[in-house]
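The values are calculated or read from the model by the stated rules, or taken from the named source; none is laboratory data. The structure presented is a predicted model; accordingly, all values stated were derived computationally and were not measured. All Cβ positions, even for glycine, are placed from backbone atoms using ideal geometry, and neighbour counts span all protein chains on display.
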Amino acid sequence: MKNKARQTLEYVVKKLDEESQHPQKGSWKEQIQKETKAEDEETLRRTYIYLNVIMNGQQATDDAIAKILVGQNILTPALINKGWQFWKPLPVTAKEKKAIESAVVSWSKEKGARLDSLRETHEKLPDTDWRSIIHFIASVLDINSSCRQKLSDDLKTILADAN
């Protein structure tokens, strides 16, 4: 594996490991249950906003990681003038490329399947019950964390095999 590809994969693994768990190293759901015991609606609203910001940030990071690992970019004027060199495909062998693509597809499928299992729960949530909505978002964040950790582990295996 070329050095640039190794550095990119190591960066992605580092990013996944940083964001795959809540800072207190517990599950999101456990942490939210501890923090939202109060019946104060304003606290629940703030927590809801906070979790939505985190969830949207994670989705943006996931999209960027997928694009870095297996994405194809259309050359736009901005890319041509300001950084097309950063969006070239990874310089990896065909075997490494297949392993990376397989890891990303597995990650995406697992994440999708696990999130689909929550679909029925989401449809039953009342719009006014902040606590239930917050717990649902925490469950989504827990799923995202475990799926990210699995992708990180798969990429670490690919890096180790490339030696």
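Residues in the range 104-136 that are within 14 Å of the chain's Cα centre (by Cα) and not hydroxyl-bearing (Ser, Thr, Tyr): 9 in all.
Please work out if LEU115 is part of a helix (DSSP H, G or I), in contact with a helix residue (DSSP H, G or I) (Cβ under 7 Å, 6 or more places away or on another chain) and either touching a residue at least 60 places away in the same chain (Cβ under 8 Å) or of a type in the set (Lys, Arg) (or both).
No: the conditions fail for LEU115.
Counting just the residues of the range 1-39 that are modelled with pLDDT under 80 and exposed (fewer than 11 other Cβ atoms within 10 Å of the Cβ), which one comes out farthest from ASP161 (Cα to Cα)? Among residues in the range 1-39 that are modelled with pLDDT under 80 and exposed (fewer than 11 other Cβ atoms within 10 Å of the Cβ), the one farthest from ASP161 (Cα to Cα) is GLU39.
Looking at ALA94, is it at pLDDT 85 or above and either among the basic types (Lys, Arg) or surrounded by 10 or more Cβ atoms within 10 Å (Cβ to Cβ) (or both)?
Answer is no for this residue.
Just one of the listed residues (THR47, THR76) is more than 16 Å from SER145 (Cα to Cα) and modelled with pLDDT under 80, and it is THR76. Taken residue by residue, the range 7-27 has no member that is farther than 27 Å from SER106 by Cβ, free of Cβ contacts under 8 Å to residues at least 12 places away in the same chain, in contact with a helix residue (DSSP H, G or I) (Cβ under 9 Å, 6 or more places away or on another chain) and part of a helix (DSSP H, G or I). Restricting the range 121-163 to residues that are among the hydroxyl-bearing types (Ser, Thr, Tyr) and touching a residue at least 12 places away in the same chain (Cβ under 8 Å) leaves a set whose member that is farthest from LYS14 (Cα to Cα) is THR121. No other residue among VAL104, VAL140 is surrounded by 14 or more Cβ atoms within 10 Å (Cβ to Cβ) and farther than 21 Å from SER27 by Cβ apart from VAL104.
Do the conditions hold for GLU42, that is, is it surrounded by fewer than 14 Cβ atoms within 10 Å (Cβ to Cβ), farther than 27 Å from TRP107 by Cβ, acidic (Asp, Glu) and modelled with pLDDT of 70 or more? Here the answer is yes, as GLU42 does meet what is asked.
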